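Asker: First the structure, which I've put down as structure tokens, then a few questions once you've had a look.
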Amino acid sequence: MKKGKFIIYLPVLLFFMSFRALSADVKTAPLDLPSKEALATMTHEQKEELVQQMKERAEAIKAMDKSQLTKDERKELRAELKAMKKESRAVSGVYISVGALIIIILLLIIIL
């Protein structure tokens, strides 16, 4: 009797595992982000290429069918998007808004 159950359960198990393997092939590999030291030595063209790769990866993640992913996989994707957003800010530099610039100038005038 145990052998009969095994013969029934094995094809069912293999059937579901094959779908899991197919869905794993659809995903793209996560982007390998460089360290801060590596970013400091990059040329402007290399930084632009890195930003373009990050944009492409973000678009690939947005185009994914997330309904088929597990909770942990969705959490990993969110963490990857946050890391790419933080890294893109480091690559592109720091910008000061016009309002902040006006406030800084006014404070300097008042202090000096």
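The values are calculated or read from the model by the stated rules, or taken from the named source; none is laboratory data. Not measured: the values here are computed from a predicted model. Cβ placement follows ideal geometry from the backbone for every residue including glycine, while neighbour counts extend to all protein chains displayed.
Asker: Exactly one of (1) modelled with pLDDT of 90 or more; (2) within 11 Å of the chain's Cα centre (by Cα); (3) not aromatic (Phe, Trp, Tyr) is unmet by Lys86. Its number?
Answerer: Only one criterion in (1) modelled with pLDDT of 90 or more; (2) within 11 Å of the chain's Cα centre (by Cα); (3) not aromatic (Phe, Trp, Tyr) is unmet by Lys86, namely (1).
Asker: Consider Ala60 against the criteria (1) surrounded by 14 or more Cβ atoms within 10 Å (Cβ to Cβ); (2) under 13 Å from the mean Cα position of the chain (by Cα): it satisfies all of them except one. Which criterion is unmet?
Answerer: (1)
Asker: Working carefully through the options Leu81, Leu106, find the one that is closer than 25 Å to Glu37 by Cβ and at pLDDT 85 or above.
Answerer: Among Leu81, Leu106, only Leu81 is closer than 25 Å to Glu37 by Cβ and at pLDDT 85 or above.
Asker: Shifting gears a bit: Are any residues in segment 87-100 loosely packed, with under 11 Cβ neighbours inside 10 Å and assigned to a helix (DSSP H, G or I), and if so, which ones?
Answerer: Val98, Gly99, Ala100
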